Amino acid sequence: MTDQAKAAFPQAVLFDMDGTLVDSEIIWDTGIEELAALLGGALDPEVRARMVGTNEDASVIMLLDSLGIPVTEAPHRQTWLRTRMKELFAQGVEWKPGARELLLECRAAGIPTALVTSTPRELADVIIGHVGPENFDLTICGDEVEQRKPDPEPYLAAAAKLGVDVARCVALEDSVSGVGSALAAGAVTLAVPSEVPLPADLDVLRLDTLEGIDLAYLRSLGEACPVNPEGR
């Protein structure tokens with residue numbers, strides 16, 4: 001990487017998927033509510049809030065626990081939910097306001113972009129097919145890392161594979177789990193809460209929406225981001 005490239009900001013833009021890039025959390029609501037009904041219960045809104053930013057395996061365990069059903073049923077119910085979510089996602093997903101425009105502007109400017117999601121590859125590929133795989137230099141899914149969000153591994157892995165300094169990347173997230181992952185990795189993090197409000201004491205830059213957020217805004221975030229002379 002040249003000195004000029006090292007100094008550039010952002011070196012890459014790293015997008016979360018569910019709730020940040022696409023409005024898919026509402027589709028998850030449908031699938032999980034259907035599973036709760038199949039199990040003879042109902043989805044508690046507080047339980048659903050804890051699921052946001054995790055993955056379908058963890059969500060099923062939370063649901064079973066809330067309904068007093070043994071977690072030994074989890075594998076079978078997880079398979080059911082994954083199959084149902086593939087059917088629902090295949091019907092299409094909506095972009096979050098401003099997300100498509102920002103992503104395409106980054107692509108047009110030649111800035112590397114990555115999708116970093118806790119969703120497993122089997123499901124994520126259905127959504128990626130809708131938003132365009134050509135819009136990402138890299139996609140990292142929840143079943144392709146040892147530790148999922150809120151661990152920093154997903155964002156550290158994305159930066160490493162792109163060959164960039166994670167501290168000079170912008171990560172866009174919507175959930176507590178995702179924000180925690182991006183911050184722990186050292187990325188400049190923008191939080192755009194979607195389904196669940198973020199805790200007031202979470203120290204992160206927040207936006208109400210990505211609508212109107214452009215590359216010039218992302219570049220302005222680098223003014224307080226020092227350049228490491230060794231590029232690390």
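Would you be able to say whether some residue in region 97-119 is touching a Lys or Arg at 6+ places or on another chain (Cβ under 6 Å), closer than 18 Å to Ile32 by Cβ and open to solvent by less than 40 Å² (accessible area, probe 1.4 Å)? Yes. The set of residues in region 141-161 being in contact with a Leu (Cβ under 8 Å, 6 or more places away or on another chain) and farther than 12 Å from Ala185 by Cβ consists of Lys161 alone. Quick one: in region 39-60, of everything that is charged (D, E, K, R) and closer than 18 Å to Gly142 by Cβ, which residue is surrounded by the most Cβ atoms within 10 Å (Cβ to Cβ)? Checking each candidate, the answer is Glu56. Which residue is most open to solvent (accessible area, probe 1.4 Å), if the candidates are limited to region 145-193 and must be part of a helix (DSSP H, G or I), under 25 Å from Ser59 (Cα atoms) and not aliphatic (A, V, I, L, M)? The selected residue is Glu153.
Pairing each residue of region 125-137 that is in contact (Cβ under 8 Å) with a residue 40 or more places away in the chain and assigned to a helix (DSSP H, G or I) with any residue that is charged (D, E, K, R) and open to solvent by 20 Å² or more (accessible area, probe 1.4 Å), provided the two are 6+ apart or on different chains, yields C-beta distances under 9 Å for Val126/Lys86; Val131/Arg100.
Of the residues making up region 197-218, those that are open to solvent by 40 Å² or more (accessible area, probe 1.4 Å), farther than 21 Å from Glu105 by Cβ, of a type in the set (A, V, I, L, M) and under 17 Å from the mean Cα position of the chain (by Cα) number 0.
Given the condition more than 25 Å from Ser194 (Cα to Cα), of a type outside the set (Val, Ile, Thr) and not in a helix (DSSP H, G or I), answer yes or no: does some residue in region 101-111 qualify? The answer is yes; a qualifying residue exists. Taken over region 61-89, the residue count meeting the criterion of being under 19 Å from the mean Cα position of the chain (by Cα) and either open to solvent by 60 Å² or more (accessible area, probe 1.4 Å) or without any contact (Cβ under 8 Å) to a residue 40 or more places away in the chain (or both) is 1.
Taking the listed residues Leu115, Leu81, Leu64, the one that is within 29 Å of Ile213 (Cβ to Cβ) and hydrophobic (A, V, I, L, M, F, W, C) is Leu115, with no other qualifying.
Taking region 36-93 as the range and being closer than 22 Å to Asp174 by Cα and either in contact with a Cys (Cβ under 9 Å, 6 or more places away or on another chain) or assigned to a loop (DSSP other than H, G, I, E, B) (or both) as the test, the residues that pass are Leu43, Asp44, Val52, Gly53, Thr54, Asn55, Gly92, Val93.
The values are calculated or read from the model by the stated rules, or taken from the named source; none is laboratory data. Keep in mind that this is a model prediction, so the values were computed, not measured. Neighbour counts are summed over all protein chains in view; Cβ atoms, including those assigned to glycine, are modelled from backbone coordinates with ideal geometry. These accessible areas exclude ligands, DNA and RNA; they are computed on the full protein's heavy atoms, side chains included. Shrake-Rupley method; radii C 1.70, N 1.55, O 1.52, S 1.80 Å.
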